[in-house]
Amino acid sequence: MNFYDELIIELKELVLKNDFETALLKINQELAMPYVPSDIEEQLMKFKVEVFEKISNNANANNNLNAEYILQLLKSNDREQQAFGINFLNKINLRDKLDEVSEILLLERIDNSIKTLILFTLKEQEINKIFDVLYSGVQKKWNPSEIDFENNFKFITKIDEVISKSIENENPGIAHDAKMLNINFYLNNLDNFNTLFLNEKAAAFIIFAIEMLEERKEMSFIKQWFDFDEEKALELLKEIKSHEQ
(Lines give C-alpha, C1' and ligand atoms only; values in the text may rest on other atoms or scores of the structure.)
Protein backbone atom coordinates (compact mmCIF):
# COMPACT_ATOMS: atom_id res chain seq x y z
CA MET A 1 0.00 0.00 0.00
CA ASN A 2 1.50 3.35 -1.03
CA PHE A 3 1.20 6.80 0.54
CA TYR A 4 -1.85 7.83 -1.50
CA ASP A 5 -3.73 4.62 -0.71
CA GLU A 6 -3.15 5.25 3.00
CA LEU A 7 -4.21 8.90 2.64
CA ILE A 8 -7.51 7.97 0.95
CA ILE A 9 -8.26 5.39 3.66
CA GLU A 10 -7.45 7.95 6.37
CA LEU A 11 -9.69 10.57 4.74
CA LYS A 12 -12.59 8.10 4.53
CA GLU A 13 -12.21 7.38 8.24
CA LEU A 14 -12.08 11.10 9.11
CA VAL A 15 -15.24 11.80 7.11
CA LEU A 16 -17.03 8.87 8.80
CA LYS A 17 -16.05 10.31 12.19
CA ASN A 18 -17.22 13.80 11.09
CA ASP A 19 -13.71 15.12 11.75
CA PHE A 20 -14.05 17.60 8.89
CA GLU A 21 -11.39 20.00 10.11
CA THR A 22 -8.62 17.40 10.03
CA ALA A 23 -9.90 16.04 6.71
CA LEU A 24 -9.85 19.48 5.07
CA LEU A 25 -6.42 20.30 6.45
CA LYS A 26 -5.02 17.07 5.00
CA ILE A 27 -6.81 17.56 1.66
CA ASN A 28 -5.61 21.15 1.29
CA GLN A 29 -2.10 20.23 2.38
CA GLU A 30 -1.86 17.55 -0.29
CA LEU A 31 -3.45 19.70 -3.02
CA ALA A 32 -0.82 22.36 -2.30
CA MET A 33 2.00 19.94 -3.15
CA PRO A 34 4.00 20.68 -6.36
CA TYR A 35 2.86 17.41 -7.92
CA VAL A 36 -0.24 15.31 -7.29
CA PRO A 37 -1.23 12.46 -9.64
CA SER A 38 -4.31 13.45 -11.63
CA ASP A 39 -6.40 10.51 -10.36
CA ILE A 40 -5.51 11.35 -6.74
CA GLU A 41 -6.24 15.04 -7.31
CA GLU A 42 -9.67 14.08 -8.65
CA GLN A 43 -10.38 11.93 -5.57
CA LEU A 44 -9.23 14.70 -3.21
CA MET A 45 -11.52 17.24 -4.89
CA LYS A 46 -14.44 14.80 -4.56
CA PHE A 47 -13.65 14.39 -0.87
CA LYS A 48 -13.59 18.17 -0.51
CA VAL A 49 -17.04 18.49 -2.08
CA GLU A 50 -18.33 15.69 0.15
CA VAL A 51 -16.92 17.36 3.27
CA PHE A 52 -18.63 20.66 2.49
CA GLU A 53 -21.91 18.90 1.74
CA LYS A 54 -21.73 17.22 5.15
CA ILE A 55 -20.82 20.52 6.82
CA SER A 56 -23.86 22.13 5.16
CA ASN A 57 -26.10 19.27 6.28
CA ASN A 58 -24.85 19.57 9.85
CA ALA A 59 -25.37 23.32 9.80
CA ASN A 60 -28.98 22.78 8.71
CA ALA A 61 -29.60 19.73 10.90
CA ASN A 62 -33.28 18.74 10.90
CA ASN A 63 -34.10 21.87 8.87
CA ASN A 64 -33.26 23.98 11.92
CA LEU A 65 -30.10 26.02 11.73
CA ASN A 66 -27.59 24.61 14.19
CA ALA A 67 -26.23 27.77 15.86
CA GLU A 68 -23.67 25.92 17.97
CA TYR A 69 -22.31 24.17 14.90
CA ILE A 70 -22.00 27.46 12.98
CA LEU A 71 -19.99 28.96 15.84
CA GLN A 72 -17.88 25.81 15.96
CA LEU A 73 -17.05 26.31 12.27
CA LEU A 74 -16.00 29.90 12.95
CA LYS A 75 -13.69 28.75 15.76
CA SER A 76 -12.07 26.15 13.50
CA ASN A 77 -8.37 26.17 12.65
CA ASP A 78 -9.36 25.69 9.01
CA ARG A 79 -9.98 28.91 7.07
CA GLU A 80 -12.34 27.27 4.62
CA GLN A 81 -14.57 26.14 7.47
CA GLN A 82 -14.46 29.65 8.93
CA ALA A 83 -15.49 31.09 5.56
CA PHE A 84 -18.23 28.48 5.25
CA GLY A 85 -19.55 29.32 8.72
CA ILE A 86 -19.69 33.07 8.07
CA ASN A 87 -22.20 32.43 5.27
CA PHE A 88 -24.69 31.10 7.83
CA LEU A 89 -24.04 33.64 10.59
CA ASN A 90 -26.80 36.08 9.64
CA LYS A 91 -29.35 33.26 9.93
CA ILE A 92 -28.90 32.76 13.67
CA ASN A 93 -29.87 35.06 16.53
CA LEU A 94 -26.57 36.42 17.80
CA ARG A 95 -28.17 38.08 20.82
CA ASP A 96 -28.34 34.63 22.39
CA LYS A 97 -24.69 33.92 21.55
CA LEU A 98 -22.82 37.09 22.48
CA ASP A 99 -20.38 35.34 24.82
CA GLU A 100 -19.34 32.92 22.06
CA VAL A 101 -19.12 35.74 19.50
CA SER A 102 -16.96 37.79 21.89
CA GLU A 103 -14.62 34.81 22.25
CA ILE A 104 -14.31 34.41 18.47
CA LEU A 105 -13.51 38.11 17.98
CA LEU A 106 -10.48 37.69 20.25
CA LEU A 107 -9.06 34.57 18.57
CA GLU A 108 -5.74 35.22 16.87
CA ARG A 109 -6.30 32.49 14.26
CA ILE A 110 -9.40 34.22 12.86
CA ASP A 111 -8.61 36.50 9.90
CA ASN A 112 -9.53 40.18 9.94
CA SER A 113 -11.96 39.58 7.06
CA ILE A 114 -14.02 37.10 9.10
CA LYS A 115 -14.08 39.47 12.08
CA THR A 116 -15.20 42.36 9.85
CA LEU A 117 -18.09 40.23 8.57
CA ILE A 118 -19.01 39.22 12.13
CA LEU A 119 -19.16 42.91 13.12
CA PHE A 120 -21.27 43.60 10.02
CA THR A 121 -23.72 40.83 11.00
CA LEU A 122 -23.89 42.18 14.57
CA LYS A 123 -24.83 45.59 13.17
CA GLU A 124 -27.46 44.04 10.87
CA GLN A 125 -29.01 42.47 13.97
CA GLU A 126 -28.97 45.90 15.67
CA ILE A 127 -26.72 44.81 18.52
CA ASN A 128 -25.51 47.93 20.31
CA LYS A 129 -22.58 46.70 22.40
CA ILE A 130 -18.86 47.37 22.62
CA PHE A 131 -16.77 44.32 21.72
CA ASP A 132 -13.07 43.70 22.29
CA VAL A 133 -11.63 42.64 18.93
CA LEU A 134 -8.13 41.35 18.21
CA TYR A 135 -7.49 42.93 14.82
CA SER A 136 -4.11 42.95 13.05
CA GLY A 137 -2.55 41.77 16.31
CA VAL A 138 -3.91 44.74 18.27
CA GLN A 139 -6.86 44.62 20.67
CA LYS A 140 -9.46 47.24 19.75
CA LYS A 141 -12.86 48.20 21.09
CA TRP A 142 -15.65 48.38 18.51
CA ASN A 143 -19.37 48.95 18.71
CA PRO A 144 -20.71 47.50 15.44
CA SER A 145 -23.73 49.80 15.55
CA GLU A 146 -21.36 52.77 15.15
CA ILE A 147 -19.48 51.42 12.11
CA ASP A 148 -20.65 53.07 8.88
CA PHE A 149 -20.79 49.91 6.77
CA GLU A 150 -23.39 51.39 4.41
CA ASN A 151 -21.24 54.30 3.23
CA ASN A 152 -18.13 52.13 3.19
CA PHE A 153 -19.80 49.63 0.85
CA LYS A 154 -21.10 52.48 -1.33
CA PHE A 155 -17.49 53.70 -1.71
CA ILE A 156 -16.29 50.18 -2.58
CA THR A 157 -19.06 49.95 -5.19
CA LYS A 158 -17.93 53.25 -6.72
CA ILE A 159 -14.38 51.89 -7.05
CA ASP A 160 -15.82 48.78 -8.75
CA GLU A 161 -17.71 51.03 -11.16
CA VAL A 162 -14.51 52.89 -12.11
CA ILE A 163 -12.79 49.54 -12.69
CA SER A 164 -15.75 48.29 -14.77
CA LYS A 165 -15.83 51.40 -16.95
CA SER A 166 -12.11 51.28 -17.60
CA ILE A 167 -10.22 48.02 -18.10
CA GLU A 168 -13.12 45.54 -18.03
CA ASN A 169 -13.81 45.65 -21.79
CA GLU A 170 -10.14 45.13 -22.59
CA ASN A 171 -9.43 42.51 -19.93
CA PRO A 172 -12.35 41.15 -17.80
CA GLY A 173 -9.95 38.92 -15.84
CA ILE A 174 -7.89 41.84 -14.58
CA ALA A 175 -11.07 43.76 -13.76
CA HIS A 176 -12.36 40.80 -11.73
CA ASP A 177 -9.07 40.48 -9.81
CA ALA A 178 -8.98 44.24 -9.15
CA LYS A 179 -12.51 44.11 -7.72
CA MET A 180 -11.57 41.17 -5.49
CA LEU A 181 -8.56 43.13 -4.23
CA ASN A 182 -10.90 46.06 -3.54
CA ILE A 183 -13.35 44.16 -1.30
CA ASN A 184 -10.63 42.06 0.34
CA PHE A 185 -8.65 45.17 1.22
CA TYR A 186 -11.70 46.60 2.96
CA LEU A 187 -12.57 43.40 4.82
CA ASN A 188 -9.01 43.07 6.09
CA ASN A 189 -8.44 46.75 6.95
CA LEU A 190 -11.58 48.00 8.65
CA ASP A 191 -9.42 49.70 11.28
CA ASN A 192 -7.82 52.17 8.87
CA PHE A 193 -10.33 52.29 6.01
CA ASN A 194 -11.39 55.68 4.61
CA THR A 195 -13.55 56.87 1.73
CA LEU A 196 -10.89 59.08 0.14
CA PHE A 197 -8.95 58.98 -3.17
CA LEU A 198 -11.47 56.94 -5.15
CA ASN A 199 -9.72 57.10 -8.55
CA GLU A 200 -6.29 56.62 -7.01
CA LYS A 201 -7.44 53.45 -5.25
CA ALA A 202 -9.08 52.14 -8.42
CA ALA A 203 -5.80 52.70 -10.30
CA ALA A 204 -3.80 50.98 -7.55
CA PHE A 205 -6.06 47.92 -7.56
CA ILE A 206 -5.86 47.64 -11.36
CA ILE A 207 -2.05 47.90 -11.42
CA PHE A 208 -1.75 45.37 -8.59
CA ALA A 209 -4.06 42.96 -10.46
CA ILE A 210 -1.85 43.33 -13.54
CA GLU A 211 1.29 42.69 -11.48
CA MET A 212 -0.28 39.54 -10.03
CA LEU A 213 -0.17 38.18 -13.57
CA GLU A 214 3.55 38.95 -13.59
CA GLU A 215 3.05 41.76 -16.06
CA ARG A 216 4.31 45.31 -15.78
CA LYS A 217 2.48 48.55 -16.52
CA GLU A 218 3.19 52.13 -15.54
CA MET A 219 0.53 54.10 -13.70
CA SER A 220 0.18 56.29 -16.79
CA PHE A 221 -1.27 53.24 -18.61
CA ILE A 222 -4.50 53.64 -16.57
CA LYS A 223 -4.90 57.30 -17.57
CA GLN A 224 -6.31 56.33 -20.93
CA TRP A 225 -9.56 55.65 -19.03
CA PHE A 226 -9.64 58.09 -16.07
CA ASP A 227 -7.55 60.76 -14.39
CA PHE A 228 -5.90 60.50 -10.97
CA ASP A 229 -2.86 61.59 -8.95
CA GLU A 230 -0.12 59.11 -9.93
CA GLU A 231 2.03 59.83 -6.89
CA LYS A 232 -0.88 59.18 -4.52
CA ALA A 233 -1.86 56.04 -6.44
CA LEU A 234 1.68 54.66 -6.10
CA GLU A 235 1.62 55.42 -2.38
CA LEU A 236 -1.69 53.55 -2.05
CA LEU A 237 -0.34 50.66 -4.13
CA LYS A 238 2.53 50.22 -1.64
CA GLU A 239 0.04 50.28 1.23
CA ILE A 240 -2.22 47.70 -0.42
CA LYS A 241 0.75 45.42 -1.16
CA SER A 242 1.99 45.66 2.42
CA HIS A 243 -1.36 44.44 3.72
CA GLU A 244 -1.44 41.55 1.25
CA GLN A 245 1.86 40.12 2.53
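Using the Cα centre as the reference, give the magnitude of the dipole from point charges on the C-beta atoms of the chain (Lys, Arg: +1; Asp, Glu: -1; all else neutral), rounded to the nearest 20 debye.
620 debye
Specify which residue in the list L198, T157, G173 is farthest towards the positive end of the charge dipole of segment 149-243, using unit charges on the beta carbon of Lys, Arg (+1) and Asp, Glu (-1), about the Cα centre.
Looking along the dipole axis, the top candidate is T157.
How far apart, in nm, are the 7 Å Cα→Cβ label points at M45 and N128?
Distance between the two pseudo-spin positions: 5.1 nm.
Pairs of Cα atoms under 8 Å, at least six residues apart: use those to get the relative contact order of segment 149-243, whole percent.
After rounding, I find 30 percent.
For the chain, build the charge dipole from Cβ charges (+1 Lys, Arg; -1 Asp, Glu) around the Cα centre, then report which of Y186, A23, A209 sits farthest towards its positive end.
Ranked along the dipole, the leading option is Y186.
Would you please put 71-84, 214-227 in order of how densely packed they are, using the mean number of other Cβ atoms within 10 angstrom per residue and starting with the highest? Please list the in-between numbers first.
Values: 71-84: 19.1, 214-227: 12.6.
Result, highest mean Cβ count within 10 Å first: 71-84, 214-227.
Within the set of other residues whose C-beta is less than 13 Å from the C-beta of I55, count the net charge using Lys and Arg as +1 and Asp and Glu as -1.
-4
Express in Å², to the nearest 10, the accessible area of F88 obtained by rolling a 1.4 Å probe over the protein heavy atoms while all chains stay in place.
About 20 Å², ignoring ligands and nucleic acids.
Taking H placed 1.01 Å from N in the peptide plane, check which residues at least 5 places from F131 or on another chain put their amide H under 5 Å from its amide H.
W142, N143
Find the relative contact order for the chain and round it to a whole percent, using C-alpha pairs within less than 8 Å whose residues are 6+ positions apart.
11 percent
Would you mind classifying the chain by shape? Square roots of the alpha carbon gyration tensor eigenvalues, ordered a ≥ b ≥ c; an a/c under 1.5 is rounded, otherwise it is prolate if a/b is larger than b/c and oblate if not. Before the final figure, lay out the partial values.
Working: a/c = 2.39, a/b = 1.29, b/c = 1.85.
Verdict is oblate for the chain.
Label-point separation (nm) for E146 and A32, each offset 7 Å from Cα along Cα-to-Cβ?
3.8 nm
Hey, what number do you get for the chain at 222 nm if only DSSP H runs of n ≥ 4 count, each worth -39500 (n - 2.57), divided across all residues, to the nearest 500?
Estimated from H runs of four or more residues: -20000 deg cm²/dmol.
Modelling each spin label as a point 7 Å along the Cα-to-Cβ direction, I'd like the Q224/L16 distance in nm, to one decimal.
With each label placed 7 Å out from Cα toward Cβ, I get 6.0 nm.
To the nearest 10 degrees, how steeply does helix 198-212 sit against the main Cα axis of the chain, on a 0 to 90 scale?
The angle comes out near 60 degrees.
Mind checking the dipole of segment 149-243: about its Cα centre, +1 per Lys or Arg Cβ, -1 per Asp or Glu Cβ, Debye to the nearest 20?
It comes to approximately 140 debye.
Among the listed pairs K201/K223; K115/K238; K158/K201; K201/K241, which have their C-alpha atoms separated by more than 18 angstrom in this model?
Result: K115/K238 exceed 18 Å.
Determine the per residue accessible area of the chain with all protein chains present and a 1.4 angstrom probe, expressed in square angstrom.
Working: 13670 Å² over 245 residues.
Computed with neighbouring chains in place, this is 56 Å² per residue.
Once a ≥ b ≥ c are taken as the square roots of the eigenvalues of the Cα gyration tensor of segment 72-117, is the result rounded (a/c under 1.5), prolate (a/b larger than b/c) or oblate (a/b not larger than b/c)? Spell out each step's value before the answer.
Numbers: a/c = 1.75, a/b = 1.26, b/c = 1.39.
In terms of gyration-tensor shape, oblate.
Compute the separation of the alpha-carbon centres of segment 13-52 and segment 133-168 and state it in Å as a whole number.
34 Å
Using the Cα centre of the chain as origin and beta-carbon charges of +1 (Lys, Arg) and -1 (Asp, Glu), tell me which of Q125, N90, L14 is placed farthest towards the positive end of the dipole.
Q125
Please compute the length gained on full extension between S242 and N60, using 0.36 nm multiplied by the number of residues separating them and subtracting their Cα-Cα distance.
Gain on extension, S242 to N60, equals 61.6 nm.
The values are calculated or read from the model by the stated rules, or taken from the named source; none is laboratory data. In this text the structure is predicted, and so the values were computed from the model without any measurement. Counting neighbours? That spans all protein chains shown, and the Cβs are built from the backbone with ideal geometry, glycine included. Protein only, heavy atoms only, side chains kept; ligands, DNA and RNA dropped before computing areas. Shrake-Rupley method; radii C 1.70, N 1.55, O 1.52, S 1.80 Å.
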